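These notes concern the structure reproduced below.
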Amino acid sequence: MRAILVGVHKKGETKSEALASINELAGLVEAVDGKVLGKLIQKRDVPDPSTYIGKGKVQDLNLLVQGTKADTVVFDDPLTPSQVKELEKRLNARVMDRTDLVLEIFTRRAKTREAKLQVELARLQHELPRLYGRGKALSRQAGGIGGRGPGEQEAEIRRRILKKRIHKIKEELEEIKKRRREQRKRRIKEVSKEGNFVRVAIVGYTNVGKSTLMKALTGRDVFKKDMLFATLDTTTSSRFVYPDLKILFTDTVGFINKLPTELIEAFKATLEEVQEADLILHVVDASDPKWLEKIETVNGILKKLDLEGVRQILVFNKVDRLVSSPEEAEHLEHPMMVGKVPNLFVSAERKWNLDRLLEMIRDLHLSEKEKG
Ligand SMILES: Nc1nc2c(ncn2[C@@H]2O[C@H](COP(=O)(O)OP(=O)(O)OP(=O)(O)O)[C@@H](O)[C@H]2O)c(=O)[nH]1
Ligand SMILES: [Mg+2]
């Protein structure tokens, strides 16, 4: 994929926000081994109904596409099906939006049956509403006036097929969910026999080091890699940290800005594990200049999942990029977070300050217990 990126700088948005969003989009293109050849940002409050950006900008864009020999144009915001069609005609290139791109990444990464089904569901749910517009357009092309043209009939058949498939996937996911629940129940029963336990979910923006932290804390070898969305499945692993307390850690899929709602819906089953957690470790990349925005993004998605009430520890990871010895990180707290959220700095890769993290988990758990 040789891509040009297009973003719109809207009212009430700072320039750096618009830039950050388009830079993240560039990361997503690279995640499908694509190359970014150019970026274009337009200041605009209301999208053009047929081309999203203004007609003049489309001409600039066209020149950019021809000049760079790009084959794809990726828009940072959701496009309507008719906008995609119109833009493809004018630009002579494939046109996609952020959702299409994220779905593409997830499709490539999905390995387990569950992940594959979830991604397919998200894809179908993304496609379904788009079929409505397309049917009408096809009919007009075929010269149908009023009533139902041939294009609409074709779209209707496709819609029925999609709906059937969606139904079937949901049923199968429901089965998997049930099995997971039973598994969880069994696990909890086992663990509770052994004494006190606490369930901790590791959550955060993609590529911050959640899986690395999981591995460092439990020894469980989960897939970790320097790429967006390395993890699509949740894994749970436990460890007796203290003789009187066992901690069950769960690693989860990473979040991004403007995560398509279809995906949030599809991944709800996977994230059910988080729903039952007593505590969330919200992992942050301490070396990332955009860390604060990313915290807000993650909290926004947690809210959509009804998880904003779960207690959090903010774990600033990758501190080895900021200081040169573990001692320097030991008693560090983030000045902006003091008194707001319990927080600390760690290096999952070098195993710095993990004892302190475990202590914090225990203390929080004990204080919760005391409260009743
Ligand atoms: N320098 C440094 N790098 C780290 C640290 N922890 C993780 N990394 C690196 O960050 C990258 C991402 O790590 P992962 O553990 O896969 O991140 P993740 O949050 O699970 O990512 P997704 O599953 O894709 O959302 C890898 O290249 C890790 O080696 C750390 O403490 N210090
Ligand atoms: Mg991961």
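The values are calculated or read from the model by the stated rules, or taken from the named source; none is laboratory data. Just so we're clear, the structure is a prediction, and the values are computed from it rather than from any experiment. Every residue, glycine among them, receives a Cβ derived from its backbone with ideal geometry; neighbour counts consider all protein chains shown. Heavy atoms of the whole protein, side chains included, go into the accessibility calculation; ligands, DNA and RNA do not. Shrake-Rupley method; radii C 1.70, N 1.55, O 1.52, S 1.80 Å.
Does segment 27-34 include one or more residues that are open to solvent by less than 70 Å² (accessible area, probe 1.4 Å) and touching a Gly at 6+ places or on another chain (Cβ under 9 Å)?
Step one: of segment 27-34, the residues open to solvent by less than 70 Å² (accessible area, probe 1.4 Å) are 27-29, 31-32, 34.
Add one more test, that the residue is touching a Gly at 6+ places or on another chain (Cβ under 9 Å), and what stays is 28.
Looking through segment 27-34, at least one residue is open to solvent by less than 70 Å² (accessible area, probe 1.4 Å) and touching a Gly at 6+ places or on another chain (Cβ under 9 Å).
Could you check, for segment 243-260, whether at least one of its residues is at pLDDT below 85, under 16 Å from Ile202 (Cβ atoms), open to solvent by 40 Å² or more (accessible area, probe 1.4 Å) and not in a helix (DSSP H, G or I)? No; the residues of segment 243-260 include none that is at pLDDT below 85, under 16 Å from Ile202 (Cβ atoms), open to solvent by 40 Å² or more (accessible area, probe 1.4 Å) and not in a helix (DSSP H, G or I).
I'd like the full set of residues that are in contact (Cβ under 8 Å) with a residue 24 or more places away in the chain, farther than 18 Å from Gly254 by Cβ and part of a loop (DSSP other than H, G, I, E, B), limited to segment 311-324. Residue satisfying the conditions is Leu322 alone.
The residues on offer are Glu120, Glu86, and the sole one that is modelled with pLDDT of 90 or more and not assigned by TED's automatic domain parsing to the domain that holds Glu175 is Glu86. Of the residues making up segment 331-355, just one is surrounded by 15 or more Cβ atoms within 10 Å (Cβ to Cβ) and in a helix (DSSP H, G or I), namely Leu354.
Scanning segment 184-215 for residues that are more than 7 Å from ligand 1 (Cβ to nearest atom) and open to solvent by 20 Å² or more (accessible area, probe 1.4 Å) yields a count of 14.
Within segment 5-38, the only residue that satisfies the criterion of being within 23 Å of Thr107 (Cβ to Cβ) and of a type in the set (Ser, Thr, Tyr) is Ser21.
From the list Thr231, Thr236, pick out the single residue that is at pLDDT below 85, in a strand (DSSP E or B) and either within 8 Å of ligand 1 (Cβ to nearest atom) or closer than 18 Å to Ala115 by Cβ (or both).
Thr236
When Glu296, Glu327 are checked against the criterion of being part of a helix (DSSP H, G or I) and farther than 24 Å from Glu349 by Cβ, a single residue qualifies: Glu296. Of all residues in segment 5-26, those satisfying the criterion of being touching a Gly at 6+ places or on another chain (Cβ under 8 Å) and either at pLDDT 90 or above or basic (Lys, Arg) (or both) are Leu5, Ile22, Leu25. Summed over segment 86-104, residues that are farther than 25 Å from Gln118 by Cα and either polar (S, T, N, Q) or surrounded by 16 or more Cβ atoms within 10 Å (Cβ to Cβ) (or both) total 7. When Arg321, Arg311 are screened for being open to solvent by 70 Å² or more (accessible area, probe 1.4 Å) and touching a strand residue (DSSP E or B) at 6+ places or on another chain (Cβ under 6 Å), only Arg311 passes.
Report the residue count in segment 105-114 for those that are among the β-branched types (Val, Ile, Thr) and open to solvent by 10 Å² or more (accessible area, probe 1.4 Å). Give the derivation first.
Taking segment 105-114 as the starting set, the residues that turn out to be among the β-branched types (Val, Ile, Thr) are 105, 107, 112.
Narrowing further to those that are open to solvent by 10 Å² or more (accessible area, probe 1.4 Å): 107, 112.
Final tally of qualifying residues: 2.
The residues on offer are Thr72, Thr68, Thr80, and the sole one that is surrounded by fewer than 17 Cβ atoms within 10 Å (Cβ to Cβ), under 16 Å from Ile4 (Cα atoms) and not assigned by TED's automatic domain parsing to the domain that holds Leu117 is Thr68.
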